[in-house]
Amino acid sequence: MERGDLIKVAEEIKKAKLIVALTGAGISTESGIPDFRSKDGIWSKFDMNEYGYIDNIISQPEKVWKMLKILIEDIAKAEPNNGHKAIAEMEKFGYLHAVITQNVDGLHQKAGSKNVIEIHGNFREARCLRCGRIYDIGYALKQEIPKCECGGLLKPNAIFFGEPIPKDVFIKSFSMVEKCDVMLVVGTSAMVYPAAQFPIIAKQNGAKIIEINNEPSMISNIADYSLYGKAGEILPSLVKHLFF
Ligand code: NAD
């Protein structure tokens with residue numbers, strides 16, 4: 001990452017009217033939560049085809065909940081890192097207007113971000129697959145195979161592969177994506193749809209795309225600026241340049 005790039009990116013942000021961040025699991029790895037697709041990511045230990053799909057939890061709830069409980073414990077212990085804090089700071093000073101996150105860890109809110117759209121839901125709650133009732137996740141964690149009072153199976157209130165994104169969440173995200181002048185794309189491999197499409201749509205509508213990732217991703221070819229390195233280091237440096 002060149003200092004000159006940070007200066008140019010800060011200038012783009014300063015002149016933009018609507019700035020949106022799209023974040024992925026990579027922003028939380030420095031908080032100790034593994035991402036999915038990196039070398040030591042979750043899918044290197046648990047096969048995505050056995051754990052990631054809605055059919056998996058329905059057919060083998062005990063096995064999938066065992067893995068989920070490990071992830072939920074990691075998340076409960078985690079604290080926001082300097083990347084989350086920098087994003088919250090940008091919003092506080094009017095340099096960011098919404099965070100669309102694919103993460104389920106709640107660390108943006110914990111860092112102080114206010115306008116957070118959790119496009120893949122969250123791990124704070126569990127939802128009944130039969131009646132839709134929502135519980136605090138603690139209720140589910142007490143049971144081996146978490147069940148609702150109605151007898152239905154509980155799952156974290158997060159989106160599994162094969163499940164649709166709730167319509168209201170999608171519409172809210174899409175309206176920000178369409179209108180933004182700058183999109184910061186942080187710590188996502190941009191391989192999961194529909195979020196992976198957001199930078200492409202924003203670009204088609206004239207937004208500048210700023211990628212922050214520790215390696216090139218699926219959207220590097222459309223990015224106007226690519227800042228490679230740790231999000232927890234690049235974002236605080238960017239904030240410093242915004243205040244120059
Ligand atoms: P992903 O695992 O596919 O990609 C993560 C990206 O972040 C990779 O490109 C990786 O190189 C990069 N990265 C890792 N550490 C980084 C760092 N310190 N700084 C900058 N970049 C870094 O994750 P994704 O694109 O978010 O999509 C997959 C799904 O993962 C999402 O649906 C999300 O719900 C789920 N997920 C969320 C969490 C969480 O909530 N923290 C954790 C694991 C998976």
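With a threshold of 25 Å on the Cα-Cα distance, the over-threshold entries among K14/K203; K8/K203; K14/K114; K63/K167; K39/K208 are K63/K167; K39/K208. Listed by chain and number, the lysines whose C-alpha is less than 16 Å from the C-alpha of K77, apart from same-chain residues fewer than 8 away, are K69, K110. Between the alpha-carbon centres of the range 32-85 and the range 162-228 there is a gap of 22 Å. Rounded, prolate or oblate, given the Cα gyration tensor of the range 1-101, with a/c below 1.5 counting as rounded? Taking the square roots of the gyration eigenvalues as a ≥ b ≥ c, the range 1-101 is prolate. Estimated from helical segments only, the mean residue ellipticity of the chain at 222 nm is -11000 deg cm²/dmol, where each DSSP H run of four or more residues counts as -39500 (n - 2.57). Springs between alpha-carbon atoms under 10 Å, Gaussian network over the chain: tell me which of I100, I212, I145 tops the mean-square fluctuations. Result for the chain, Cα springs under 10 Å: I145 fluctuates most.
Positive end of the charge dipole of the chain (Lys, Arg +1 and Asp, Glu -1 on Cβ, about the Cα centre): tell me which of L96, L227, S217 has its Cα farthest that way. With unit charges placed on the Cβ atoms, the residue in question is L96. Can you give the % of DSSP beta bridges in the chain that are antiparallel, to the nearest 5? Antiparallel bridges: around 25 percent, rounded to the nearest 5.
At an R0 of 35 angstrom, the distance between the Cβ atoms of M48 and F244 translates into a FRET efficiency of 0.20.
Would you list, by chain and number, the aspartates and glutamates whose Cα falls below 15 Å from the Cα of K172, excluding same-chain residues fewer than 8 positions away? Output for K172: E118.
Straight-line reach from K230: taking Cα to Cα under 18 Å and skipping same-chain neighbours fewer than 8 places apart, the aspartates and glutamates in range are E2, D5, E30, D35, D40, E79, E89, E211, E215. Each residue was assigned an accessible area with a 1.4 Å probe, and for D168 the value is about 110 Å². Is the C-alpha gyration tensor of the range 125-203 telling us rounded, prolate or oblate? Criteria: a/c under 1.5 is rounded; beyond that, a/b larger than b/c is prolate, otherwise oblate. Cα axes put the range 125-203 in the prolate bin. Volume of the convex hull of the range 96-244 (Cα atoms only), normalised per residue: 133 Å³.
The residues of the range 1-157 present an accessible area of 48 Å² per residue when probed at 1.4 Å with all protein chains retained.
Taking a ≥ b ≥ c as the square roots of the eigenvalues of the Cα gyration tensor, the range 174-216 is classed as oblate, since a/c reaches at least 1.5 and a/b does not exceed b/c. Summing charges over neighbours of K63, with a neighbour being any other residue whose Cβ is under 14 Å away from its Cβ, gives -1 when K and R count +1 and D and E count -1.
Using a simple spin-label model with pseudo-atoms 7 Å out from Cα toward Cβ, E144 and E163 lie 2.4 nm apart. Could you tell me how many degrees, from 0 to 90 and to the nearest 10, lie between the Cα long axis of helix 61-77 and the main elongation axis, the longest principal axis, of the Cα atoms of the chain? Value to nearest ten degrees: 40. Placing +1 on the Cβ of every Lys and Arg and -1 on the Cβ of every Asp and Glu, with nothing else charged, gives the chain a dipole about its Cα centre of roughly 480 debye. Across the range 50-149 the C-alpha pair distances fall into 5 Å bins from zero in the proportions 2, 12, 19, 21, 17, 11, 9, 6, 2, 0 percent. The slack between N205 and D40, meaning 0.36 nm per residue of separation minus the straight C-alpha distance, is 55.8 nm. Placing a label point 7 Å from the Cα of Y225 along the Cα-to-Cβ direction, the residues of the range 177-209 whose backbone N falls under 12 Å of that point are 182-185, 208-209. Provide the solvent-accessible area of I200, counting protein heavy atoms only and rolling a 1.4 Å probe, rounded to the nearest 10 Å². Approximately 60 Å² for this residue.
The values are calculated or read from the model by the stated rules, or taken from the named source; none is laboratory data. Remember, it's a predicted structure, so these values are computed and weren't measured experimentally. Here Cβ is always computed from backbone atoms with ideal geometry, including for glycine, and neighbour counts include all displayed protein chains. Side chains are part of the model used for accessible areas, which takes the heavy atoms of the whole protein and leaves out ligands, DNA and RNA. Shrake-Rupley method; radii C 1.70, N 1.55, O 1.52, S 1.80 Å.
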